[in-house]
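**Student:** Just passing along the structure, written as structure tokens.
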């Protein structure tokens, strides 16, 4: 069951092709340099085309599409999900929505093999701007990752307090990953969580991790897959603020 996965919830554009669940995924990505805007519109379709040049990869074989539904940037999510819906409808292929935060946790869980003294809880943290982060946490169980607390938007200090006050979180056995963990390292480390080095691959959203999740998620019609914004976009907040001042 060949699978195409991609994500545009963050500044990165990441795409993966996996021929079957037992085979490694092939990935292509674009990471804009610091200070540059995301290049989702310019890069997403060319990255998909690049992967389709590989052996055994073609739209004719595709049986499922997976797309990151966020949380993340409003514009990025719109681009990714609109592209996924268009491909799903044009090719007659079912669509799967993947949590961008859960994908981060899944990648980190695979990067840190189970071992005595290893991470037992994985916290995914994305920089949400406006002085906030998007975050969610999962606990390691015998059967995989189980939700500890769901997706929410909060300040880094509020997240640190939440982590410090959660009885099931053990100091230095909880791993925080994502660009939000990097941006607010000092605040979050004060709660007792560990954060990988800045250059760790665990901080990058990867479409290959989307593939790991997508095999077990229910396939949907294109119209039934929606972005998970968590909070209102800046434009809507500005509109409401303008109305309130009239």
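The values are calculated or read from the model by the stated rules, or taken from the named source; none is laboratory data. Nothing here was measured: the structure is a model prediction, and the numbers come from that model. Positions of Cβ are backbone-derived with ideal geometry, glycine not excepted, and every protein chain shown enters the neighbour counts.
**Student:** With the stretch 124-232 as the region, which helices (runs of 4 or more DSSP H) entirely inside it contain at least 1 residues that are more than 30 Å from residue 91 (Cα to Cα)?
**Tutor:** In the stretch 124-232, the matching helices (runs of 4 or more DSSP H) lie at 156-164, 179-183, 185-189.
**Student:** Sticking with this structure for a sec: Looking at 85, 78, which one is surrounded by fewer than 19 Cβ atoms within 10 Å (Cβ to Cβ) and modelled with pLDDT of 95 or more?
**Tutor:** 78 is the lone residue from the list that is surrounded by fewer than 19 Cβ atoms within 10 Å (Cβ to Cβ) and modelled with pLDDT of 95 or more.
**Student:** Is at least one residue of the stretch 45-67 over 21 Å from the mean Cα position of the chain (by Cα), crowded, with 16+ Cβ neighbours inside 10 Å and closer than 19 Å to residue 220 by Cα?
**Tutor:** Yes, the stretch 45-67 has at least one match.
**Student:** When you check residue 182 against the structure, is it surrounded by 15 or more Cβ atoms within 10 Å (Cβ to Cβ), closer than 22 Å to residue 5 by Cα, within 18 Å of the chain's Cα centre (by Cα) and not assigned by TED's automatic domain parsing to the domain that holds residue 87, yes or no?
**Tutor:** The answer is no for residue 182.
**Student:** Sticking with this one: Only one of (1) over 15 Å from residue 128 (Cβ atoms); (2) touching a residue at least 40 places away in the same chain (Cβ under 8 Å); (3) in contact with a helix residue (DSSP H, G or I) (Cβ under 8 Å, 6 or more places away or on another chain) is not met by residue 188, so which one is it?
**Tutor:** The single condition residue 188 does not satisfy is (1).
**Student:** Among the residues of the stretch 145-153, is there at least one that is over 18 Å from the mean Cα position of the chain (by Cα), at negative phi and not assigned by TED's automatic domain parsing to the domain that holds residue 228?
**Tutor:** no
**Student:** Follow-up question, since we're still on this one. Out of the residues in the stretch 13-44 that are exposed (fewer than 14 other Cβ atoms within 10 Å of the Cβ) and touching a helix residue (DSSP H, G or I) at 6+ places or on another chain (Cβ under 9 Å), which is modelled with the highest pLDDT?
**Tutor:** Result: 41.
**Student:** Now for a different question. Here are the criteria: (1) assigned by TED's automatic domain parsing to the domain that holds residue 168; (2) surrounded by 15 or more Cβ atoms within 10 Å (Cβ to Cβ); (3) free of Cβ contacts under 8 Å to residues at least 40 places away in the same chain. Tell me which single one residue 126 does not satisfy.
**Tutor:** It fails just one condition, (3).
**Student:** Let me ask something else about it. Taking the condition within 14 Å of the chain's Cα centre (by Cα) and at pLDDT below 95, does residue 230 pass?
**Tutor:** Spelling it out, residue 230 is indeed within 14 Å of the chain's Cα centre (by Cα) and at pLDDT below 95.
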